[in-house]
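I have placed the structure first, in the form of structure tokens, so that the comments after it can refer back to it.
Each reported figure results from applying straightforward, stated rules to the coordinates on display, with no laboratory input. Computed from a predicted structure; not experimentally measured. Cβ sites come from the backbone with ideal geometry, for glycine too, and all protein chains shown count toward neighbours.
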Amino acid sequence: MKDQTADTQRLPYRLKEPFLTTTELALFRVLDHMVEGRYLICPKVALNDLFYIVRPNENVHFFNKFFRKHVDFLLCDPQTMTPAFGVELLRQISKNEAREFDKFMDELFTDAGLPLVHVPSSETYDLSDIVVLFQLAMTKIDGTTSLRESHASDSVPQCPLCGKMMVLRIRRTGMSSGKKYYGCMDSPRCAGVVSIN
């Protein structure tokens, strides 16, 4: 008789199979042949591992736009792991949903100065067609200002006392009431403060 206690104590997780769908695997093989070792191909990279939100406590409403979303493939420099290309499969989903997400992805990657290649979903891919799509993505990105050239106003200061990220706050009392400042995210345990002029 099977031990039922062992079953009830197992965590409720199972390995997803397959990791890549038939269309994703077919595209992966063509990309692998195309790049010939010049890039490392990373499948299913979470957008919040690739991008971050500047001043996150002020821009918290932007978090849902990329939370639990990913780019299908990210091509990186094999030495430095610097992202070079994003590759996104165009799937058959409702037009409005697809259009809205595609527009967001285009804007996100374009602002970052990172080419995003849109590939129509198929079970077979022609290498020459994929090369043309890469060239189109490169053309689109030429002349854009990269997010890599960050501005000082984009960054959140680190706490001068403990080194943790700081959070934008507003003074509620006293002579400075209504004024903004950065306080340590570990407040009240840490009293680190950075004033905003």
At 37 °C in a medium of viscosity 0.692 mPa s, the range 156-195 has a Stokes-Einstein diffusion coefficient, with Rh taken as the Kirkwood radius over alpha carbon pairs, in µm² per second, of 325
In the Gaussian network model of the chain, springs joining C-alpha atoms below 10 Å, which of LEU161, LEU27, LEU74 carries the largest mean-square fluctuation? LEU161
Relative frequency of Cα-Cα separations exceeding 16 Å in the range 17-110, percent: 62
Phi angles of the range 157-162, converted by Karplus (6.51 cos²θ - 1.76 cosθ + 1.60, θ = phi - 60°) into ³J(HN,Hα) in whole Hz with x for Gly and Pro, give x, 8, 4, x, 8, 10
Order these by the 10 Å Cβ neighbour count, fewest first: THR21, THR8. THR8, THR21
Assertion target for TYR181, TYR52, TYR39, ordered by fewest C-beta neighbours within 10 angstrom first, is TYR52, TYR181, TYR39
Cβ-placed point charges (K, R +1; D, E -1), dipole of the chain about Cα centre in debye, nearest 20: 1320
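What does the C-alpha gyration tensor say about the overall shape of the chain? Classify as rounded when a/c is under 1.5, otherwise prolate if a/b is larger than b/c, or oblate.
Numbers: a/c = 2.42, a/b = 1.43, b/c = 1.69.
Oblate, because a/c is 1.5 or more while a/b does not exceed b/c.
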